[in-house]
1. For segment 95-112, does any single residue satisfy the condition of being touching a residue at least 12 places away in the same chain (Cβ under 8 Å), among the aromatic types (Phe, Trp, Tyr) and within 22 Å of Asn28 (Cβ to Cβ)?
2. Is it the case that Lys66 is crowded, with 18+ Cβ neighbours inside 10 Å, at pLDDT 95 or above and not aliphatic (A, V, I, L, M)?
3. Take the residues in segment 72-94 that are free of Cβ contacts under 8 Å to residues at least 60 places away in the same chain and buried (at least 17 other Cβ atoms within 10 Å of the Cβ), then tell me which one is farthest from Ser51 (Cα to Cα).
4. Tell me, please, whether a residue that is over 24 Å from Asp16 (Cα atoms) and at pLDDT 95 or above can be found in segment 35-46.
5. Arg61: closer than 12 Å to Thr100 by Cα and in a helix (DSSP H, G or I), yes or no?
6. Tell me, which residue of segment 61-97 that is over 12 Å from the mean Cα position of the chain (by Cα) and acidic (Asp, Glu) is farthest from Phe23 (Cα to Cα)?
7. Right, Thr100: within 23 Å of Asp5 (Cβ to Cβ), loosely packed, with under 15 Cβ neighbours inside 10 Å and at pLDDT 95 or above or not?
8. Looking only at segment 30-43, count every residue that is farther than 24 Å from Ala91 by Cα and surrounded by 12 or more Cβ atoms within 10 Å (Cβ to Cβ) and tell me the total.
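The values are calculated or read from the model by the stated rules, or taken from the named source; none is laboratory data. Computed from a predicted model, the values in this text were never measured in an experiment. Glycine gets a Cβ as well: all are built from the backbone with ideal geometry, and neighbour counts include every protein chain shown.
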Amino acid sequence: MNIEDYRNYCLSLGEDIEEKLPFQKFKNGEGVLVFYVMGHMFSFFDCNDFSVISLKCQPERIEDLKAQYDCIGNPYNESPKHWIGINPNTAPDNLLQELTRNSYEIVKVKYASKQGQKNTKTTKDSSSHLDE
């Protein structure tokens, strides 16, 4: 999959996705494009070297994926416990799309539940003042 097709795929996952180049002040970080959902990263890669896309992944899946696919290895500059790196030039498009959607959903579910807990706490705190 080429860089533009991958970018379009990431943006198609939901209306809540943002793309940014947040590392422009860092040496070798100027071209790192990051995709966010709910303000948190789910995919990123270097636009100047489109050879590794870093994606969130369930820790229990990572070793099996690495053993099964040569195109999957360690992520760029992230914990290999929770992230994988995938080569978009050798990965089948359907695998890249499945793992990207998986990463998006991991992050969205995690932070949607945290946002829900925060809203529930705020609502409880507010309602307790009504009793006074």
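1. Checked segment 95-112: no residue is touching a residue at least 12 places away in the same chain (Cβ under 8 Å), among the aromatic types (Phe, Trp, Tyr) and within 22 Å of Asn28 (Cβ to Cβ).
2. On the way: crowded, with 18+ Cβ neighbours inside 10 Å: no; at pLDDT 95 or above: yes; not aliphatic (A, V, I, L, M): yes.
Spelling it out, it is not the case that Lys66 is crowded, with 18+ Cβ neighbours inside 10 Å, at pLDDT 95 or above and not aliphatic (A, V, I, L, M).
3. First, the residues of segment 72-94 that are free of Cβ contacts under 8 Å to residues at least 60 places away in the same chain: 72-87, 89-90, 92, 94.
Cutting the leftovers down to buried (at least 17 other Cβ atoms within 10 Å of the Cβ) gives us 72, 75, 83-86.
On the way: Ile72: 11, Pro75: 11, Trp83: 16, Ile84: 13, Gly85: 9, Ile86: 8 Å.
Looking at residues that are free of Cβ contacts under 8 Å to residues at least 60 places away in the same chain and buried (at least 17 other Cβ atoms within 10 Å of the Cβ), I get Trp83.
4. Checked segment 35-46: no residue is over 24 Å from Asp16 (Cα atoms) and at pLDDT 95 or above.
5. Numbers: closer than 12 Å to Thr100 by Cα: no; in a helix (DSSP H, G or I): yes.
Considered against the rule, which asks whether it is closer than 12 Å to Thr100 by Cα and in a helix (DSSP H, G or I), Arg61 comes out as no.
6. Asp64
7. Details: within 23 Å of Asp5 (Cβ to Cβ): yes; loosely packed, with under 15 Cβ neighbours inside 10 Å: no; at pLDDT 95 or above: yes.
So Thr100 fails the test.
8. First, pick out the residues of segment 30-43 that are farther than 24 Å from Ala91 by Cα: 30, 38-40.
This time we only want the ones that are surrounded by 12 or more Cβ atoms within 10 Å (Cβ to Cβ), so: 30, 38, 40.
Total meeting the criteria: 3.
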